[in-house]
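Scroll down for the structure; my scribbles are underneath it.
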Amino acid sequence: NPYAGLVNNLRASWLSRKTWPREYRMAQLEALGHFLDDKKQEILEATAADMGKPPFEVELSELLLCKNELHETLNNLSHWMKDKQVDRPLATRLDSAFIRKEPYGVVLIIAPWNYPIYLILGPLIGAIAAGNCVIIKPSEVSKNTERLVAEALPHYLDKDCFAVVTGGVQETTRLLENKFDYIFYTGSPSVGRIVMTAAAKHLTPVTLELGGKNPCYVSDTCDVPNVARRVVWGRFFNAGQTCIAPDYLLCTLEMQEKLMPALREAITEFFGPNPQESPDFGRIVGDKQFRRIRALLCSGRVAIGGQTDEAERYIAPTVLVEVQPSDPIMQEEIFGPILPIIIVANMDEAIDFINSRERPLAIYVFSSNDKVVNQVLEQTSSGGFCSNDTLMHVTLTSLPFGGIGNSGLGMYHGKFTFDTFSHCRGCLKRGMGRETLNAPRYPPYSPKKFGIVQATSKVTRKDDCTLL
């Protein structure tokens, strides 16, 4: 295997415990901060070349979010690394029982192309903080960013403990043949199954950050212009190539009639009368992806947008109406600048529609009525939830981010990333003396001995009352 030597070298470094000291982890994390600062302009240029991503969107969704994760981790790493003391029953009251957070070992991070800096460095920050050695596999689809990461990042990190591997499907397949101690994958459910199958051969734990069709329910009681602006921003940010973008709207026919002019106005406000000329609207990352998304325009009827330019890989911000649940666009994650609207009679029908499909990565609901928001929250299931806005829940390092079911397995962001890449080692430290206290558990057994063991070892309900 072409990567066996690399994996073995990193495992040797990990076994030497080089990555374990807090000072080492902090130094490597600081180096990531220097990478972001030094290579900022090159990151802006690479992401613009890959998908026409506007500098504002790169600054927000790649650089700022990375810095937030980094600073959150640097501020709290000492506290996160501390052993956590746990409760003990009478039998072990004199002993020390604690949870120690230890690194898994050599971990693999496979990143996607749509946010090619943040979705590499976000997991990497937690993996370093937890004391692991790491192999990073950036996506070959965003080739300019892949080249930048492969050429520049190794100059900032310890080459004995961290490496970047490039390539496509064939290289990733061979990489996955090796035994890793943890695998973190972000991408599609179909490839997630392949990654999980490869991991199962070595009993390797995984985190799978996948996608899905995120519903957005708009109730009849809401501020229509605000809804339109927030939905347009979330749907067309990064030209719709966002795993947590609202994938389709659910609303009544009456609300659709109110929304259409507001959506049209918001698109014009954001991107001008011709979004193709706007410096703030991106492009589709590749020809294959462009053709797939363009084919989805046959669903329903184009009410806004619909223009395409294959030479530029441009697809206009588009809204589709008269869409049926059986249409092609409702069978897969769109991952592009198209927003279909599905008509429902009321909130209950919207909830039933959401629950009849795979559980999504995010659910959005817009309503001025808290009861509506709470009912959607309580009667549905998803990786994350956000009311009266889109995307914003992902910006909080204090909230876990991850999917459920078809949309993923595991979670990260902030301390949750550190925990994801840490093995919780349960530890009990006892002394050599006080052997008479252990005598009741030794044979020959008797009811009296068991009574003593039970009395000193059991966990009781707080409201239990024992009569002596």
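Side notes on the structure shown:
- Distances between placed amide hydrogens fall under 5 Å for Thr207 paired with Ile183, Phe184, Tyr185, all partners being 5 or more residues away or on another chain.
- Within region 80-167, antiparallel bridges make up roughly 20 percent of the DSSP beta bridges whose residues both belong there.
- The simple spin-label model puts a point 7 Å past each Cα toward its Cβ; for Ser190 and Glu378 those points are separated by 4.0 nm.
- Each principal axis of the Cα cloud of region 362-445 was evaluated for its coordinate range; sorted largest first, these ranges are 68, 28, 24 Å.
- Accessible surface calculations at 1.4 Å, restricted to protein heavy atoms, place the chain at 46 Å² per residue.
- Of all DSSP-defined beta bridges confined to region 215-402, some 25% are antiparallel rather than parallel.
- Of all DSSP beta bridges in region 314-422, antiparallel share, percent nearest 5: 10 percent
- Quarter the surface of the alpha carbon convex hull of region 315-468 and you get the mean projected area, 18.1 square nanometres.
- Computed from the C-beta positions of Cys298 and Glu177, the FRET efficiency with R₀ = 35 Å rounds to 0.30.
- Isotropically averaged projected area of the chain, using the convex hull of Cα atoms (one quarter of hull area), nm²: 28.0 nm²
- Full-stretch length increase - Ser356, His34 - with 0.36 nm per residue and alpha-carbon distance subtracted: 111.2 nm
- Residues whose amide H lies under 5 Å from that of Tyr217, counting only those 5 or more places away or on a different chain, are Leu250, Tyr364, Val365, Phe366; hydrogens are built 1.01 Å from N in the peptide plane.
- Placing one equal scatterer on every Cα of region 174-299 and applying the Debye formula, the log10 ratio I(q)/I(0) at q = 0.10, 0.16 Å⁻¹ is -0.48, -0.91.
- Shown in residue order for region 13-30 are the 3J(HN,Hα) couplings computed by the Karplus curve 6.51 cos²θ - 1.76 cosθ + 1.60 at θ = phi - 60°: 5, 5, 5, 6, 6, 4, 8, 6, x, 4, 4, 5, 4, 4, 5, 5, 5, 4 Hz (x for Gly and Pro).
- Rounded to the nearest whole angstrom, the semi-axes of the ellipsoid equivalent to region 11-144, taken from the Cα gyration tensor as √(5λ), stand at 36, 16, 13, largest first.
- With every protein chain in place, region 53-167: carbon and sulfur % of accessible area (1.4 Å): 52 percent
- Rolling a 1.4 Å probe over the protein heavy atoms of region 215-402, with every protein chain left in place, gives an accessible area that is 48 percent carbon and sulfur.
- Averaging 1/r across all pairs of distinct Cα atoms in region 215-402 and inverting the result yields a Kirkwood radius of 16.6 Å.
- Using just its DSSP H runs of length 4 or more, each adding -39500 (n - 2.57), the chain gives a mean residue ellipticity at 222 nm of -12000 deg cm²/dmol after division by all residues.
The values are calculated or read from the model by the stated rules, or taken from the named source; none is laboratory data. The structure presented is a predicted model; accordingly, all values stated were derived computationally and were not measured. Every residue, glycine as well, gets a Cβ built from its backbone with ideal geometry; the counts of neighbours run over all protein chains shown. Just so you know, the surface numbers come from the protein's heavy atoms only, side chains and all, with ligands and any DNA or RNA stripped out. Shrake-Rupley method; radii C 1.70, N 1.55, O 1.52, S 1.80 Å.
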